[in-house]
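Structure first, then comments.
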Amino acid sequence: MNRAPRWIRMHEADNVAIVANDGGLEAGATFPDGLSLRERVPQGHKVALADLAAGAAVRRYGVVIGRALRDIPAGSWVHERLLAMPEAAGMDDLPLATAPRAAAEPLAGFTFEGYRNADGSVGTRNLLAITQTVQCVAGVARIAAERIRAELLPRYPNVDGVAVLEHGYGCGVAIDAPDAVIPIRTVRNISLNPNFGGEVMLVSLGCEKLQPERLMPPGAIPLHAGPTPALDVVTLQDERHVGFMSMVDAVVRQAVPHLERLNARRRETVPASELVVGVQCGGSDAFSGVTANPAVGFCTDLLVRAGATVLFSETTEVRDAVDQLTARAADAGVAEAIKREMAWYDAYLARGSADRSANTTPGNKKGGLSNIVEKAMGSIIKSGTAPIVGVLRPGERLPAGRRGLFYAATPGSDFICGTLQLAAGMNLHVFTTGRGTPYGLAEVPVIKVGTRTELARRWHDLIDVNAGRVADGEATVEDLGWDLFRLMLAVASGRQRTWAERWQLHNALVLFNPAPVT
């Protein structure tokens, strides 16, 4: 269907807008306000709404995303080669907790069907997790999981599946380096994710640096009823194992008592406040901050009003919005913690002689994002407007009893971010994408939100929610936010499966490991 030329401007102070039409617009296309394009502009890319002199500030989202490198006449395509990126905001003189919003009216009466755990947390799925201490055992664990699915799961119909917590850590690393605590606590805390019901099953090689007792020290595992010891380990180098299948048999055999306890669990009605939702974007484009992320942000506010917990992340992307984040902190301590994580990233870049401009990918740029400043402004919209009540370091778990909007510090890399949000205690994941990605996690349901109708139509069996309806004028951000909220409750209850679940799309966990290797 042909539509009249349309542009979308995010803020009244903006002097650029993005072209909304599928396929972009050709030179000579004229918008309803009389502005004509001087050249072809692809969909999602920026057009100058007024003449911009060399050196003039270029504004989108009401902030300066760059300065014109030459005169840019109105109607011109404004792309990365015409913009000088501004310097990042310094860490001094940032606003600290100056603009936290008052608590919004509580949203009561919403529930889902979840699995209540002994520690009080709630799972949205009932999974057997097999944790590995070292990458060397991944093949054995994977084959054992295949046998468990084929031979044992039919006997335990209340168990949703098996998740092998495969990672690349555990040996060949400086295990006593200060930063080694990050990958170790990440694996530990993922093993305690609410979707695993407190059942911890370890597969160890035997000679690795990350020994089972170090990964799961006394007291790390919540107690459960039954005769199985708290630390259940299959060690492949144990002399009792003769041959490969003996190792696999041992893992399969050890799974039985865990499956029996998991199978006895039943869903029960719990308040929406038991949701722990991680939000993330990947393969972003210029529509991310127009359609999908604003809808997720509106839904974030609904979740916080319902008493739930929301995790937003991606330090490498939100660094250029640090002033907005520190201003939204609930108190000065939270603001200082945000500064701490952003300063760590600055130091990390300096050590590697790298520049923050390297964050934007070729796909980001093809989708209309000129630089990391523009990308950051669209990214933080996912966090809504609620006060930021806490900050988690990489791999840390949510403090018991705390709810609200948390900043969970992670890199922007999709699977590292997802891995660290799992460690924080996420039981449901929302992932927005503009360029498209088959991202998925085995440990939690992933709801995929596409930014454009063309993507949702083309990837009809991968995208769960088409946020492009906002750009098409067929839905409002608020409409879509409510739709997403209701979908979350249905998915969390097991009444609906996401496309990633149906296809069993997932990758291995990717640990954030700033410590040196040996």
Inset, instruction - Consider Glu478 carefully, then state whether it is closer than 15 Å to Ala292 by Cα, without any contact (Cβ under 8 Å) to a residue 24 or more places away in the chain, open to solvent by 10 Å² or more (accessible area, probe 1.4 Å) and of a type in the set (Asp, Glu). - result: no
Inset, instruction - Please specify each residue of the stretch 445-478 satisfying the condition of being touching a Ser or Thr at 6+ places or on another chain (Cβ under 7 Å) and either of a type in the set (A, V, I, L, M) or under 30 Å from Val187 (Cβ atoms) (or both). - result: Pro445, Val446, Ile447, Lys448, Val449, Asp464, Ala467, Val470, Ala471
Legend entry - Failed item, numbered, when Gly109 is tested on (1) in a helix (DSSP H, G or I); (2) free of Cβ contacts under 8 Å to residues at least 24 places away in the same chain: (1)
Inset, instruction - Among the residues of the stretch 1-15, write down those that are farther than 16 Å from Pro73 by Cα and either open to solvent by less than 50 Å² (accessible area, probe 1.4 Å) or part of a loop (DSSP other than H, G, I, E, B) (or both). - result: Met1, Asn2, Arg3, Ala4, Pro5, Arg6, Ile8, Arg9, Met10, His11, Glu12, Ala13
Inset, instruction - Working only within the stretch 459-469, note down all residues that are open to solvent by 30 Å² or more (accessible area, probe 1.4 Å) and either under 19 Å from the mean Cα position of the chain (by Cα) or touching a residue at least 12 places away in the same chain (Cβ under 8 Å) (or both). - result: Trp459, Asp461, Leu462, Asp464, Asn466, Arg469
Inset, instruction - Looking for whichever is farther than 26 Å from Leu511 by Cβ and surrounded by fewer than 21 Cβ atoms within 10 Å (Cβ to Cβ) here; the options are Ala177, Ala102. Which one fits? - result: Ala102
Inset, instruction - Would you check if there is a residue in the stretch 151-161 being in contact with a strand residue (DSSP E or B) (Cβ under 8 Å, 6 or more places away or on another chain), open to solvent by 50 Å² or more (accessible area, probe 1.4 Å) and β-branched (Val, Ile, Thr)? - result: no
Inset, instruction - Check whether at least one residue in the stretch 187-209 is touching a Leu at 6+ places or on another chain (Cβ under 7 Å), open to solvent by 10 Å² or more (accessible area, probe 1.4 Å), touching a residue at least 24 places away in the same chain (Cβ under 8 Å) and under 15 Å from Leu511 (Cβ atoms), and report yes or no. - result: yes
Inset, instruction - Scan (1) assigned to a loop (DSSP other than H, G, I, E, B); (2) over 27 Å from the mean Cα position of the chain (by Cα); (3) touching a residue at least 40 places away in the same chain (Cβ under 8 Å) for the single condition Ala88 breaks and write down its number. - result: (2)
Legend entry - Hey, Gly367 touching a His at 6+ places or on another chain (Cβ under 9 Å), under 17 Å from Thr309 (Cβ atoms) and at pLDDT 95 or above or not: no
Legend entry - Hits in the stretch 232-249 (condition: within 37 Å of the chain's Cα centre (by Cα), open to solvent by less than 40 Å² (accessible area, probe 1.4 Å) and more than 22 Å from Gly198 (Cβ to Cβ)): Leu236, Val248
Legend entry - Selection status of Ala442, closer than 26 Å to Asp119 by Cα, open to solvent by 10 Å² or more (accessible area, probe 1.4 Å), within 20 Å of the chain's Cα centre (by Cα) and of a type outside the set (Asp, Glu): yes
Inset, instruction - With respect to Glu274, determine if the residue is surrounded by fewer than 18 Cβ atoms within 10 Å (Cβ to Cβ) and at pLDDT 95 or above. - result: no
Inset, instruction - Kindly provide the set of residues from the stretch 284-307 that are open to solvent by less than 20 Å² (accessible area, probe 1.4 Å), of a type in the set (Gly, Ala, Ser) and touching a helix residue (DSSP H, G or I) at 6+ places or on another chain (Cβ under 8 Å), ordered by number. - result: Ser284, Ala286, Ser288, Gly289, Ala295, Gly297, Ala306
Inset, instruction - Determine if the stretch 343-363 includes at least one residue that is in contact (Cβ under 8 Å) with a residue 40 or more places away in the chain, basic (Lys, Arg) and either buried (at least 21 other Cβ atoms within 10 Å of the Cβ) or over 29 Å from Arg81 (Cβ atoms) (or both). - result: no
Inset, instruction - With the condition kept exactly as written, say whether any residue in the stretch 16-31 is in contact with an Asp or Glu (Cβ under 7 Å, 6 or more places away or on another chain) and in a loop (DSSP other than H, G, I, E, B). - result: yes
Legend entry - Subset of the stretch 153-171 that is within 30 Å of Val181 (Cβ to Cβ) and among the aliphatic types (A, V, I, L, M) - its residue that is farthest from the chain's Cα centre (by Cα): Val162
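Okay, residues lined up against (1) assigned to a helix (DSSP H, G or I); (2) out of contact with any Asp or Glu (no Cβ under 7 Å at 6 or more places or on another chain):
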position	(1), (2)
Asp238	no, yes
His241	no, yes
Asp249	yes, yes
Arg261	yes, no
Phe298	yes, no
Thr316	yes, yes
Inset, instruction - For residues that are open to solvent by 20 Å² or more (accessible area, probe 1.4 Å) and within 34 Å of the chain's Cα centre (by Cα), scanning just the stretch 26-44, find the one that is nearest to Arg457 (Cα to Cα). - result: Gln43
Legend entry - Residue ID - nearest to Glu443 (Cα to Cα), chosen from residues in the stretch 105-126 that are open to solvent by 20 Å² or more (accessible area, probe 1.4 Å) and hydrophobic (A, V, I, L, M, F, W, C): Ala118
Inset, instruction - Give me a count of the residues in the stretch 377-408 that are in a loop (DSSP other than H, G, I, E, B) and surrounded by fewer than 24 Cβ atoms within 10 Å (Cβ to Cβ). - result: 12
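The values are calculated or read from the model by the stated rules, or taken from the named source; none is laboratory data. The structure displayed is predicted, hence computed values, not measured ones. Backbone-built Cβ (ideal geometry, glycine too); neighbour counts: all protein chains shown. Side chains included, ligands, DNA and RNA excluded: accessible areas come from the protein's heavy atoms. Shrake-Rupley method; radii C 1.70, N 1.55, O 1.52, S 1.80 Å.
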